[in-house]
1. Which residue, of B:GLU648, B:GLU631, B:GLU642, is under 21 Å from B:ILE493 (Cβ atoms) and either part of a helix (DSSP H, G or I) or in contact with a helix residue (DSSP H, G or I) (Cβ under 9 Å, 6 or more places away or on another chain) (or both)?
2. Where in region B:536-628 are there strands (runs of 3 or more DSSP E), lying wholly inside it, with at least 2 residues that are farther than 23 Å from B:PHE510 by Cα?
3. Within region A:7-15, does at least one residue satisfy the condition of being charged (D, E, K, R), in a strand (DSSP E or B) and within 16 Å of A:GLY133 (Cα to Cα)?
4. Confirm whether B:LEU121 is out of contact with any Phe, Trp or Tyr (no Cβ under 7 Å at 6 or more places or on another chain) and either over 28 Å from B:SER257 (Cβ atoms) or assigned to a strand (DSSP E or B) (or both).
5. For the structure I just gave you, tell me whether B:GLY198 is crowded, with 24+ Cβ neighbours inside 10 Å and more than 12 Å from chain A (Cβ to nearest Cβ).
6. Of everything in region B:64-85, what is in a helix (DSSP H, G or I) and either of a type in the set (S, T, N, Q) or touching a residue at least 24 places away in the same chain (Cβ under 8 Å) (or both)? Give them in sequence order.
7. With respect to B:PRO228, determine if the residue is over 29 Å from B:PHE349 (Cα atoms), in the same structural domain as B:GLY59 (by TED's automatic domain parsing) and not in a strand (DSSP E or B).
8. As an exercise: evaluate A:ALA140 against (1) within 28 Å of B:LEU254 (Cα to Cα); (2) surrounded by fewer than 24 Cβ atoms within 10 Å (Cβ to Cβ); (3) within 11 Å of chain B (Cβ to nearest Cβ) and give the number of the one condition it does not meet.
Amino acid sequence: MTLAEQNRPADTLCDELYEEFKNKAQLLSAAVYRYRSYKEAAQAIGGLVSAQKAQKVAVEPAPMLAPLELKSVLAGKLADLEKGDVRRAAGELDMGVVFFNAAIAETGTLVFDASPLKSRLLSMLPPVCVAVGNTSGLVATFRQAILSYAGKNVSLPSYLALVSGPSRTADIERVLTVGVHGPGELHVIFIDEMGGA
Amino acid sequence: MAGTNFKQQIAAALANENLSRALSRFASDYVVSRERIYANKDFGALREEISEAKRRAAGNMEALAARFAEAVSARGAVVFYAASAREARDYIVKLASERGVKTVVKSKSMASEEIHLNESLAVAGVEVVETDLGERIIQLCGQRPSHMVMPAIHMTRQEVAGIFSREGGESLPPDDIGRLVKVARKRLRQKFLTADMGISGANIAVAETGTVIMVTNEGNGRLTTTLPPLHVIIVGLEKLVEKFEDAVPILEALPRSATAQAITSYVTFITGTSEAVDLDGNMAVKELHVVLLDNGRKELSRDPVFKEALQCIRCASCLNVCPVFQQIGGHVFGHVYTGGIGTILTAFFHGLEASEKIQSLCIGCERCKEFCPGKIDIPRLILELRKRVADKKGLPLFTRLVLKGVLPRKKLFHGALRLASRAQGPLVNKKKGTVNLPPFLGGGELKDLPSLASRPLRVRAGQSAACRPHTAAGKKRVGFFAGCLVDFVYPEIGESVEKVLKAAGFEYVFLPGQTCCGYPARQMGDPVTMMELARQNLSAVKDATIECLMTPCPTCTHALKNVYPSLLKEDTLYGELAQKTAQAVYDFADFIYRNVGKQKDLPFKPLKKKVTYHDSCHLKRSLGVFEQPRELLKLAGADLREMNGADECCGFGGSYLIKYPNISGKILDKKLKNILDTGAELVAVECPGCLMQLNRGLAGKANNGVEVKFLASLLAESLCR
């Protein structure tokens, strides 16, 4: 961070990082939104579910997602992943909602501590992935994001996942096609309000 | 030397239009998009960081392997150290049979292909499913990847539709790529959900943390490493880096250099075991095995020259920019690692004999060296490989006779050329100034070679009054090193240089003792003959009273400037002279531009012609001269038109033209198209080899009257008009 950046009000820097993230992620065909409160974000997720006509949705049991209170918003559409084979159940979903720890403006990338299995299953198996995190999790560069894990050794997540846009391939005649193995749609939701457990 | 079978494979590859069309189109797009994606990055600084980290790791391979094993074991993984491909294979097959594995899902792993794992698992009754779309296509039709990053780049959508239709017993539309991808998703998803074992590779392995990093776009890597309860990662020892931060520059360069992306869709850092679901659907801890694969890598790390190859990050940019690869693709290479770096790796992973033929495919244009993010001097390594093959197998009889018996004997060599110039008489087409040799002399496929001059420059220089050395006081004496092609084929170029030099106020001194620079001998794997010729040439320099040396041939300049000093480093008699001479050698355009061009004080009469300039490989990449000739052309009043790929090889490559005339011809065709597309009337070149090649090409083509001219000749004409 330069001195000028340090002296700038935090929210200005945040706005700039958000704008850069949005531009970069959109270039990778992700949809990006920003809301002030958990409440607004929850309504937006409800809107996405309706728009997608999603019938089965699951939410990662991450403490940071608790304030969204999605149970009430998604009534009747929430799938129960606690019983039976979670792999199979996740494979039948229309949409998965997961929490991201950080986001990289430079590349439009989300950073997940994906050690919990559900973080991985819900972000990979359903055709639509909605990733939710705090705006304060934005960092400027790829280098910065990776170096923040250097020296962690023992406390390094067992599965650290960087995701930039939906799954893509260009293996047939180099024609870009999304949704080959992972989701075909990635919706990224930033929330300004600090919260969660 | 290339055998018949190998030549047939090349001919088949050249005849495959899908392959060359796909590769050429990609090659042109690649250069543009790669440059764009590196726009805000300092490529030079990145490759410094990468080469430093990888060099450090390669020099410490065993210790890092031990450290990695310790760290990843502490996180619950089982580590197996495999000295050979067989050990790695046996371990994985045994593990699969002990765990009762029926189906394996695999994400792309070149190491697994290197050890022929799929075949062994199949023999053991295990179904192996490749899940990378390109690899899956290749697997279903029983082919081999044609490119290290894009395995199915040679196939059309129609072919893929046919393959998928046969696989699923349903008829798929032949041209709907989106549909094909959906079908692949559905079918492979079933495999993912039922597989008992996942096998993946690694792009980087961090020793201090035991972390394995994978870079993918499709997401099959994440599914392979998440869904099955048993996971095997195959890590080649060259993937190790010491610290977590060492991975950063590699991760920044790899997607940019490989596919011109700032980042791939998924970058995954796996550190030990994690949560999984067992086959009964219950939560479990994943069983993780890491196979550390040596299979020739330690030997590579101990080799004083070839250890540099361990700086490779497998981006395949050396394939993408290689003029030869663009024409023939990867199949001809016969093994999993292809292109420039693949040639070196094949020698160590599969044995020197496996690289014996493919090393000769390198045309020596040095373009890959500019693009390599690991800062590997691939052409130099291939040359060293060529030398080792020659040392081990011996050079072919005729080549040895020429290199050892004729070339070092100046009188014999020059006498033979004089004799040939008289003997060629009946074969010469006087109108075109070309000769078509009979097939037994290497003719046949090679048409329209230039005829030898009736009087070489060395004879003219001694006799013509204009050229006779005279010492005018105060004038800088510039020694002229002609090189064989200018001396014996294009003496008029030497005379043009002389005119320009004199007009610029310099003394022109032809070195009578000069002979072949020796570079072709080194290119054929015989640096010893080049050393002998270097001594002869340095003697000629010593005998002359000159202040600097100029050559019209970039290969000779490169030899005198860059190769002689290292070649004769240990030579007590000539070592110092080689160093001193290297400091005083200039290419023609560089010299003229440095000394007079900038002051614009040459009395040029404007050319007023549309001219395009072709960069010679050695002049641009080995000597860094590319602005000077363009500036001189502008000063001479040319209407300069840049062509696409001006610095791409013309396909000459010295003896390459004779060894692989069909590859050379295809590379030439591409160059000619780029030239004709500019609408220029003239192509200016600064290398007698390029001149010869382009002349040949234009002679055999509808060329709209486009002429090839040497830069010195153009300038001389513009001065004398």
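The values are calculated or read from the model by the stated rules, or taken from the named source; none is laboratory data. Remember, it's a predicted structure, so these values are computed and weren't measured experimentally. Every residue, glycine as well, gets a Cβ built from its backbone with ideal geometry; the counts of neighbours run over all protein chains shown.
1. Going through B:GLU648, B:GLU631, B:GLU642 in turn, the sole match is B:GLU631.
2. Numbers: elements: B:548-551, B:585-587, B:610-613.
In region B:536-628, the matching strands (runs of 3 or more DSSP E) lie at B:610-613.
3. no
4. Values: out of contact with any Phe, Trp or Tyr (no Cβ under 7 Å at 6 or more places or on another chain): yes; either over 28 Å from B:SER257 (Cβ atoms) or assigned to a strand (DSSP E or B) (or both): yes.
It is true that B:LEU121 is out of contact with any Phe, Trp or Tyr (no Cβ under 7 Å at 6 or more places or on another chain) and either over 28 Å from B:SER257 (Cβ atoms) or assigned to a strand (DSSP E or B) (or both).
5. On the way: crowded, with 24+ Cβ neighbours inside 10 Å: yes; more than 12 Å from chain A (Cβ to nearest Cβ): yes.
It is true that B:GLY198 is crowded, with 24+ Cβ neighbours inside 10 Å and more than 12 Å from chain A (Cβ to nearest Cβ).
6. Residues of region B:64-85 that are in a helix (DSSP H, G or I), as a first pass: B:64-74, B:85.
Of everything in region B:64-85, those that are in a helix (DSSP H, G or I) and either of a type in the set (S, T, N, Q) or touching a residue at least 24 places away in the same chain (Cβ under 8 Å) (or both) turn out to be B:LEU64, B:ALA65, B:ARG67, B:PHE68, B:ALA69, B:GLU70, B:ALA71, B:VAL72, B:SER73, B:ALA74, B:ALA85.
7. Working: over 29 Å from B:PHE349 (Cα atoms): yes; in the same structural domain as B:GLY59 (by TED's automatic domain parsing): yes; not in a strand (DSSP E or B): yes.
Yes, satisfied.
8. The one condition A:ALA140 does not meet is (3).
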